[in-house]
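Below is one structure; the comments refer to it alone.
The values are calculated or read from the model by the stated rules, or taken from the named source; none is laboratory data. These numbers were taken from a predicted model, which means no experiment stands behind them. Here Cβ is always computed from backbone atoms with ideal geometry, including for glycine, and neighbour counts include all displayed protein chains.
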């Protein structure tokens with residue numbers, strides 16, 4: 001509550017000077033009235049306003065800091081997840097490459113074993129079955145039909161039996177040469193018309209390619 005006080009300097013003064021001061025009743029202390037000058041009351045109110053504004057700004061800064069911290073935590077979690085995913089993917093790819101390399105080596109060993117067995121079987125067949133040489137000779141005659149001059153390269157163990165078979169077939173004029181580089185059951189036929197490759201090795205290589213292709217499916 002605001003009141004007015006009138007102040008007189010001296011009762012004897014010819015001229016009375018009056019000083020007016022605005023007063024404010026202090027209501028902060030219940031049951032007791034205290035007169036507070038207006039400037040002091042306004043300063044007190046301004047201080048309260050500044051304090052409230054500062055509190056509000058501080059709370060806003062704290063909220064913003066918390067939000068930024070949460071965002072940083074989420075980003076860090078996402079980065080960690082991405083790193084772990086990349087690590088797992090790299091491990092999987094490495095294991096897969098290792099498995100594929102192991103599988104490829106197994107295929108190579110299987111093919112090599114199959115070719116070796118086939119070559120041995122053919123060699124043993126030629127040794128145990130003379131008719132195999134006869135079929136080889138007949139194939140050579142058929143391929144060289146029409147040629148006037150024919151020579152054959154054969155494995156040393158096949159050369160002499162092959163000469164006898166050719167003589168039986170009426171082709172004793174064919175020249176049979178021993179070639180240790182050829183495997184059992186292999187022939188190379190030379191004529192003036194060209195060369196006929198009846199070696200076993202190319203056939204085994206074709207067999208190897210077929211086996212490898214089948215195993216990779």
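Answer yes or no as to whether residue 167 is part of a helix (DSSP H, G or I) and surrounded by fewer than 17 Cβ atoms within 10 Å (Cβ to Cβ). Here the answer is yes, as residue 167 does meet what is asked. With respect to the conditions (1) closer than 30 Å to residue 107 by Cβ; (2) out of contact with any strand residue (DSSP E or B) (no Cβ under 9 Å at 6 or more places or on another chain); (3) exposed (fewer than 14 other Cβ atoms within 10 Å of the Cβ); (4) modelled with pLDDT of 70 or more, residue 197 falls short on a single one, namely (2). Of the residues making up segment 109-120, one or more are at pLDDT 75 or above and over 24 Å from residue 175 (Cβ atoms).
If a residue has to be touching a strand residue (DSSP E or B) at 6+ places or on another chain (Cβ under 6 Å), at pLDDT below 90 and in a loop (DSSP other than H, G, I, E, B) to count, how many in segment 170-181 make the cut? Residues meeting the conditions: 1. Pairs linking a residue in segment 38-67 that is part of a helix (DSSP H, G or I) to a residue that is modelled with pLDDT under 85, with Cβ atoms under 6 Å and 6 or more positions apart or on different chains, are 38/22; 38/24; 41/24. Count of segment 127-156 residues, restricted to those that are assigned to a helix (DSSP H, G or I), more than 55 Å from the chain's Cα centre (by Cα) and modelled with pLDDT of 75 or more, is 5.
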